[in-house]
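Remarks on the structure that follows.
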Amino acid sequence: MAEKLAIAGGTPVLTRGDFKNWPVITDDDRRYINEVLDSGIVAGATAPQVVALQTEWAKFVGARYCLTTASGTAALHMALAAVGVGPGDEVIVPAYTFLASASCIMHQMAIPVFVDIEPNTCTIDPAKIEAVITERTKAIIPVHIQGCPAAMDPILETAGKHDLRVIEDACQAHGALYRGRRCGTMGIAGAFSLNNLKNLCGGEGGLFVTDDEDILKKGDLVRYFGDECDEATLRQKYNSSILGYMYRNQELPAALARGQLRHLEEHNDTRIRNAEYLNRELGNIPGVVPPRCPPDCRHVYWLYALRFDPHAAGIEAPPRRFRMAIEKSLFKEGVLVGQWQTMPVPGQDIFQSMIGIGNRYPWAINEAKGITYRYDPNAYPVAQMFCDSYTIVHSIHPPNGRELNRKVVLAFQKVFDHLGEVMDHADDDIRPGFDGRLYGVG
Ligand SMILES: *Cc1c(COP(=O)(O)O)cnc(C)c1O
């Protein structure tokens, strides 16, 4: 029999030193950042890096307008406010996503309504949207999760039928394509994140895109205190017309994002190459279910999420226990694995307690009219199944390539060759995951 598992005292296949960190810094980043330092201009809505980034991103995705923002969450909130989502409105969002896809709705005192995901892509199941639409529904937020495009054609069709606005959460999908169209440009507005983890990194920050001039203007007002600029003097009026926030970005993150943008496609190609290699190699192992890219789409693999199926692996164990046992053994072999979201979003305490903003708001608005809300964590079986059985393999982001991923495959093969022993160590006190440095966190 092959070597002993690392979890049983054998030699690990990999070490932390095999993993290279993200983001990849190049001379383009240094050049733009030096431009900021040399210019002495560090902030402002019309500052050079911010304006250049907006122009370059709009061109890249094929949108008419772009605004840089303080975060992806800010861009989502601006979009909801700009389309007129307000207190007591309902907004549809997938049950498997990051909290911000739903909390942005509550920032407008509106109510998130969750819909289960579709098992192949983990994006919102378009067939389940219609059932939750009420006369209060105003918008749908499809999320291009993990870099995989949501099924936009059926989503847009359902939205059109019910006169709903579509706001795309493209925070994980820079450069992804759905049937030839860039993710983030198919709805009335789209939001991207520039945080350190994402495929386009500015350190922190976000991008708001739209083709609609009115949505652009409203979004811009929400971005900056609701205060307009005097057209004649270009000075701030200090007279807010609506409620706004402070969601601007500034020159240094914009400069970094510009430098990174010059390499986005090359970096996405590396991710796709790494993911396709893993799909091919790991897909041969009974019990490993690799992620899928829908037809006519470009999945940009922000995260590489695969599932484990104990039944297919010939192991009699609940999916969750099996997944955790495999994670522990892989982790001890040196593979950086672990979960991102651990439960469907409606299972989180904020929805279970319904404390919300306070005093049961935003739900209290409609409860006063006799409408009741309850977030049943068992109402999203596909999202729950996914959360029980998936793990993220942190080896696909650039500059990592074949060298690392070949070792990752060897570690998987080793672990799956010793499943009996893997299950014997299922209760070992091991906590899989990654250190912050892997994604540029100090
Ligand atoms: C990262 C992310 C966000 C929020 O982006 P921030 O820039 O961190 O605010 C929103 N939605 C999804 C799906 C994300 O992954």
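The values are calculated or read from the model by the stated rules, or taken from the named source; none is laboratory data. It should be emphasised that the depicted structure is a prediction, and the values quoted were computed from it without experimental measurement. Positions of Cβ are generated from backbone atoms using ideal geometry, with glycine treated the same way; all protein chains shown enter the neighbour counts. For accessibility, only protein heavy atoms count, side chains too; no ligands or nucleic acids. Shrake-Rupley method; radii C 1.70, N 1.55, O 1.52, S 1.80 Å.
Along segment 234-250 the Karplus relation, 6.51 cos²θ - 1.76 cosθ + 1.60 evaluated at θ = phi - 60°, assigns HN-Hα couplings of 6, 9, 5, 7, 6, 9, 6, 9, 9, 6, x, 9, 10, 10, 6, 9, 9 Hz to successive residues, with x for each Gly and Pro.
Report the paramagnetic label zone for GLU157: residues of segment 121-138 whose backbone N is under 12 Å from a point 7 Å from Cα along the Cα-to-Cβ axis. It comes to 126-127, nothing else. The relative contact order of the chain, computed from alpha carbon pairs under 8 Å that lie at least 6 residues apart in sequence, is 22 percent.
In the context of the full set of protein chains, the chain has a per residue accessible area of 42 Å² (1.4 Å probe).
Placing unit charges on the Cβ atoms only, positive for Lys and Arg and negative for Asp and Glu, gives segment 27-262 a dipole magnitude near 220 debye about its Cα centre.
All alpha carbon pair distances within segment 244-293 were sorted into 5 Å bins beginning at 0; the resulting P(r) in whole percents reads 4, 17, 15, 12, 11, 10, 10, 10, 6, 4, 1. Cβ-Cβ distance of ALA131 and ASP211, R₀ of 45 Å, FRET efficiency by 1/(1 + (r/R0)^6): the value works out to about 0.90. Placing R0 at 51 angstrom, the Cβ-Cβ distance between GLU266 and LYS369 gives a FRET efficiency of 0.45 after rounding to 0.05.
The Rg/Rh ratio for segment 210-294 is 1.29, where Rg is the radius of gyration of the alpha carbons and Rh is the Kirkwood radius.
Only DSSP H runs of four or more residues enter the estimate; each adds -39500 (n - 2.57), and after division by the residues of the chain the mean residue ellipticity at 222 nm equals -10500 deg cm²/dmol.
For segment 1-155, the Kirkwood hydrodynamic radius comes to 19.5 Å, computed from all pairs of different C-alpha atoms.
With Cβ to Cβ distances under 14 Å as the rule, what net charge do the other residues near TYR380 carry (K, R +1; D, E -1)? Result for the neighbourhood of TYR380: -3. What residues have an amide H closer than 5 Å to that of GLY338, excluding those fewer than 5 places away on the same chain, when H is modeled at 1.01 Å from N in the peptide plane? Counting only residues 5 or more places away or on other chains, the set is ILE392. So if we plug the beta-carbon distance of MET385 and ASN284 into 1/(1 + (r/R0)^6) with R0 = 25 Å, what FRET efficiency do we get, rounded to 0.05? Using R0 = 25 Å, I get an efficiency of 0.65.
The P(r) of the chain has a tail past 36 Å containing 30 percent of all C-alpha pairs. Spread over its residues, the convex hull of the C-alpha atoms of segment 27-262 is 114 Å³ per residue. Altogether, the Stokes-Einstein calculation at 37 °C and 0.692 mPa s, with the Kirkwood radius of segment 126-210 over Cα pairs as Rh, returns a diffusion coefficient of 249 µm²/s. Helix 213-223 and the long axis of the chain differ in direction by around 80°, with both axes built from C-alpha atoms. I'd like the carbon and sulfur percentage of the solvent accessible area for the chain, probe radius 1.4 Å, heavy atoms only, ligands and nucleic acids excluded. The computed percentage sits at 51.
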